[in-house]
Amino acid sequence: MSSLLTLNMSRTSIQGEVPPDIGELKAIVAIDISGNHFSGMIPSRIGDLENMQYLSLLNNSFLGLILLSFSSLISLVFLELSLNALSGSIPKSLENLSHLASFNVSFNDLEGEIPSGGVFANSTSQSFLGNRGLCGMQVLGVSACTIANSGQQSRFKKLVLYFYNILVGFNLDNETTEDKLAKDVEKVPEIRTYQLVSYLEIQRATNNFDGSNIIGVGGSGSVYKGTLSSGTVVAIKVLDLQNEEVCKRFDTECEVMRNVRYKNLVPVITTCSSEYIRAFVLQYMSNGSLDSWFYKEDRHLNLLQRVTIMHDVALAVEYLHHGHHTPIVHCDLKPANNVLLDEEMVAYVSDFGISKILAVSKSMAHTETLGTLGYIAPEYGSEGIVSTSGDVYSYGIMLMEVLAKRRPTDEEIFNENLGLREWIKQAFSGTMMEVVDANLFLEEEQVNSKSEICIASIIQLALDCTNERPESRISMKDVVKRLHKIKNTFLAT
């Protein structure tokens, strides 16, 4: 292994931590482990690989700091660290990598000043998106850093606070505590991001909200495709200000997005809030919603693609339920608009407008706000009870829809006495293959016993997710484990 030159393990669903003995690959020139489920810290011994020219850790779950030992990679040309959970600052010593030509740390939790020398001298804002704590004068589209002098900083904070409250519609006289103000002011990079993407910028990016730029319409408003002045193509979700309930949900969604960051959750680049607009600026997903891949004639997904997409969705929901000390219930899981696909067909969960953040001491809450008919758990629709098991139910319904290509609201088949679950359950004991989508397999693929076992396993998983009683449903942790096993079994065919 010590003579290995290239290591490519991208998109192979590997989990766990990278072995520390990766530093033994002394001859290695290129490492690509992007699009997996690696977690933990980046092994410090990567810094021993002085011959390495290409390193991609894109779209994993790495934590901790960017290694100082990266500055020892004297041959490095390409460094891709985006879509992880890295924190801290960007080491200034990376300026000294004379061959480094491409550097990307977008959508992490980084903060501090972006270095100005070396590769950073010619960097664009696209390399730093989704890191609200980053600042730096030399990168167009990234906010300048705050002034270090304490006296000047104090006046600067007051000025920022003044414009911030005008911009987001806060009334200084109505603030209840000085601590609340201080907390907001301390988020200066975040505040400057609000100022950077203003109402006028969004108006320009959407060509004055021209209908030709609309890529989605829902009950809460419209989603536009737009291009910011920095050249970044984004999706802009503009809420309907005439709907009071929708405006209240804006605060909920902001609260949720402050608490979550995961590779299969749609990244929010920034928000804009004023008396004129409530909007989210999101990463643009070029392949649209999952729903569009089922109900448009020119689009088809085979079984493996569907299993992979639903595995991505399961990982996102597992993170919401179990990824931090306060569980988050999405409350509106569905293929239309809330599951989106990027250019590589990686699935992302979006739209947290009616989400609920559950208190640590409680496993459920009550609400008067409902999700989407057909996907709502029985206890949610009848009693307004919200819990993580409600999301599991919605996920199970989606899993059935993905296999059968039938909406749970299809009036041609379903009625008060027969729903999607009952229809699937009846077929499960006899004519299972007759209810699955005819396009599940490509023309050149043959349906064999392993394929049928795979489909049967998915149906059983969906049924276990949609039990009538919430306490009888499995958890999203179990969903991820079982779907991962199903996916690997199918890949082995």
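The values are calculated or read from the model by the stated rules, or taken from the named source; none is laboratory data. Every value quoted in this text rests on a predicted model; they were computed, and no experiment measured them. Every residue, glycine among them, receives a Cβ derived from its backbone with ideal geometry; neighbour counts consider all protein chains shown. What goes into the accessible areas is simple: the full protein's heavy atoms, side chains included, and nothing from ligands, DNA or RNA. Shrake-Rupley method; radii C 1.70, N 1.55, O 1.52, S 1.80 Å.
Quick notes on this one:
- Under 15 Å, Cβ to Cβ, from Gln426 - net charge with Lys/Arg +1 and Asp/Glu -1: +1
- For segment 391-438, the solvent-accessible area with a 1.4 angstrom probe is 50 square angstrom per residue.
- Calculated accessible area for segment 191-329 comes out at 42 Å² per residue, all protein chains present (probe 1.4 Å; ligands, DNA, RNA ignored).
- Convex hull of Cα atoms in segment 216-339, direction-averaged projection (nm²): 8.9
- Heavy atoms of Arg299 accessible to a 1.4 Å probe, total area in Å² rounded to 10: 60
- One decimal place: the segment Asp48-Asn488 gains 155.1 nm when fully extended, by the rule 0.36 nm per residue minus the C-alpha distance.
- Spacing of the two label points (7 Å from each Cα toward its C-beta) at Glu245 and Phe428, in nm: 3.2
- Exposure check, 1.4 Å probe, all protein chains in place: Ser475 carries approximately 40 Å² of accessible surface.
- Simple spin-label estimate for Thr124 and Tyr295 in nanometres, 7 Å along Cα-Cβ: 3.6
- Convex hull projection area averaged over all views, segment 1-150, Cα basis, nm²: 8.5
- Cβ crowding within 10 Å averaged over residues, with 388-398, 414-424 ranked highest first: 388-398, 414-424
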